[in-house]
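One structure is given here, and the rest of the page talks about it.
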């Protein structure tokens, strides 16, 4: 509808869900100890265990990473297998229920609740494949972990980050000619905006970058170079991007901890970024020289 001539058109808010960064990223695996060993070489530490599920919380600096080995108990949820899979990420929002209801109004699919008695019911919608997107509004002095998790004794609750590392973003593999569909999904539901092609981060330049409305993290949508090969692959969350102000320093620190990095003619560590060699079950992590909010790109 066209607004009356004497009324000013009011645009949709740039941040319709009140997003304020990533609260956690979840990886599902049936081999949590093997994955945990890999995470510890990356600087993460196990700090808490879920009260009733096979779920463990790892942390370093501002990054929370959940390792989920709980058998799937709701339809369309990721089933933990030996190969680790990025099964969910949680967005910090002003009001979780308001953000959840608005997402549903805009066309998102609701994920059935799986909270048990005395557990928090964290609202979630379906993401790519069988992944979930949670909405969390308890992330200050009082957090979701205070209720659902038990701290591991004698372990530092907030271990420092290696070389200032923090969440940078997530890489998502999409089907042939599906970039526009997923761009619409993230932009219309959550306020993400595409980044011009000439603006690039890291050493993996493929795909389209989407910036969160809070300007604290990115999503990267990558279509297959060979459409025929995608026939045997589903759309999914592929890789976690970790930001650091000094990539060479981060690489040096992680190499001392036993992390290997790819070094080929096409992909090798540089000041812009680095890619780990395949770790537990083939999972890889990407380092990216980050730009903090408010700094010039």
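The values are calculated or read from the model by the stated rules, or taken from the named source; none is laboratory data. Because the structure is a prediction, the values reported are computed rather than measured. Ideal geometry is used to build each Cβ from the backbone, glycine not excepted, and the neighbour counts take in all protein chains shown.
Quick rundown of the values:
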{"read-out": "Out of 140, 129, sole residue that is surrounded by fewer than 21 Cβ atoms within 10 Å (Cβ to Cβ), in the same structural domain as residue 90 (by TED's automatic domain parsing) and free of Cβ contacts under 8 Å to residues at least 40 places away in the same chain", "value": "140"}
{"read-out": "Test result for residue 135, crowded, with 22+ Cβ neighbours inside 10 Å, modelled with pLDDT of 95 or more and over 30 Å from residue 253 (Cα atoms)", "value": "yes"}
{"read-out": "Selected residue (criterion: farthest from the chain's Cα centre (by Cα)) from residues of the range 274-291 that are more than 23 Å from residue 35 (Cα to Cα) and crowded, with 20+ Cβ neighbours inside 10 Å", "value": "289"}
{"read-out": "Every residue from the range 162-209 that is touching a helix residue (DSSP H, G or I) at 6+ places or on another chain (Cβ under 9 Å), within 18 Å of residue 126 (Cβ to Cβ) and buried (at least 19 other Cβ atoms within 10 Å of the Cβ)", "value": "172, 173, 174, 189, 190, 192"}
